[in-house]
1. Quick check: is even one residue across the stretch 55-73 touching a His at 6+ places or on another chain (Cβ under 9 Å) and in contact (Cβ under 8 Å) with a residue 60 or more places away in the chain?
2. Collect the residues in the stretch 1-36 that are in contact with a strand residue (DSSP E or B) (Cβ under 6 Å, 6 or more places away or on another chain) and either loosely packed, with under 12 Cβ neighbours inside 10 Å or of a type in the set (A, V, I, L, M) (or both), keeping them in residue-number order.
3. Restricting to the stretch 83-125, name every residue that is within 16 Å of the chain's Cα centre (by Cα), within 20 Å of Arg73 (Cα to Cα), basic (Lys, Arg) and not in a loop (DSSP other than H, G, I, E, B).
4. In the stretch 37-70, how many are in a loop (DSSP other than H, G, I, E, B) and buried (at least 17 other Cβ atoms within 10 Å of the Cβ)?
5. Which condition from (1) of a type in the set (A, V, I, L, M, F, W, C); (2) free of Cβ contacts under 8 Å to residues at least 24 places away in the same chain; (3) over 29 Å from Asp31 (Cβ atoms) is the one that Val88 breaks?
6. Considering only residues that are open to solvent by less than 80 Å² (accessible area, probe 1.4 Å) and either in contact with a Gly (Cβ under 7 Å, 6 or more places away or on another chain) or at pLDDT 95 or above (or both), which ones fall in the stretch 112-133?
7. Tally up the residues in the stretch 74-111 that are of a type in the set (Lys, Arg) and buried (at least 17 other Cβ atoms within 10 Å of the Cβ), please.
Amino acid sequence: MKLEIMEIKLYQDKEAVAQEFSAYFADRIADKEKFQVALSGGSTPKLIFDVLAREYGDKIDWSKIHFYWGDERCVPATDEQSNYKMTVDHLFSKIEVPKDNIHRILGENDPKREAMRYANLLEINLDRVEGVPQFDMVILGMGDDGHTASIFPHEI
């Protein structure tokens, strides 16, 4: 396994993070034929989606990006708590992305069966590194209490 040296960047506020990340995202996908990205919910990704839609909506070839989720709540896609709905409201409704490129977690389904279905979908769709399915990028936000991907400090 190849280890990469990570660079840490600090920004003044969430808007600056959204601006810089959006430019980074556009650059990362520019020369790819297919790009598999896992999304999350929360206020940080919401801002990023707004910037991506506003500033890169017509500059990115959205047809080569496949969208997945790293977490979702057990609610219907129309519920205000749905990470998928937030992504629709802040990104998908403002860009042209093929419906077949959106691979949502069906939060309205039985959680155990849906976890199995989604795991199978990832096994089928994603390329593997040493036998493990891999995304090209995973976008995670961080809550004020330090939680990410719906993993809360008090629940560990």
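1. Within the stretch 55-73, one or more residues are touching a His at 6+ places or on another chain (Cβ under 9 Å) and in contact (Cβ under 8 Å) with a residue 60 or more places away in the chain.
2. Residues of the stretch 1-36 that are in contact with a strand residue (DSSP E or B) (Cβ under 6 Å, 6 or more places away or on another chain), as a first pass: 29, 35-36.
Scanning the stretch 1-36 gives a single hit, Ile29.
3. Of everything in the stretch 83-125, just one residue is within 16 Å of the chain's Cα centre (by Cα), within 20 Å of Arg73 (Cα to Cα), basic (Lys, Arg) and not in a loop (DSSP other than H, G, I, E, B), namely Lys85.
4. Here is the first cut: in the stretch 37-70, the ones in a loop (DSSP other than H, G, I, E, B) are 40-42, 57-61, 70.
The next check asks that each one be buried (at least 17 other Cβ atoms within 10 Å of the Cβ); those that pass are 40-42, 60, 70.
Adding up the residues that qualify gives 5.
5. Condition (3) is where Val88 drops out.
6. Within the stretch 112-133, Glu114, Ala115, Tyr118, Ala119, Leu121, Leu122, Asn125, Leu126 meet the criteria.
7. We begin by selecting, within the stretch 74-111, every residue of a type in the set (Lys, Arg); these are 85, 94, 99, 104.
From what's left, buried (at least 17 other Cβ atoms within 10 Å of the Cβ): 85, 104.
Number of matching residues: 2.
The values are calculated or read from the model by the stated rules, or taken from the named source; none is laboratory data. Keep in mind that this is a model prediction, so the values were computed, not measured. Cβ: placed from backbone, ideal geometry, glycine included. Neighbour counts: every protein chain shown. Keep in mind that these areas ignore ligands, DNA and RNA; they rest on the heavy atoms of the full protein, side chains included. Shrake-Rupley method; radii C 1.70, N 1.55, O 1.52, S 1.80 Å.
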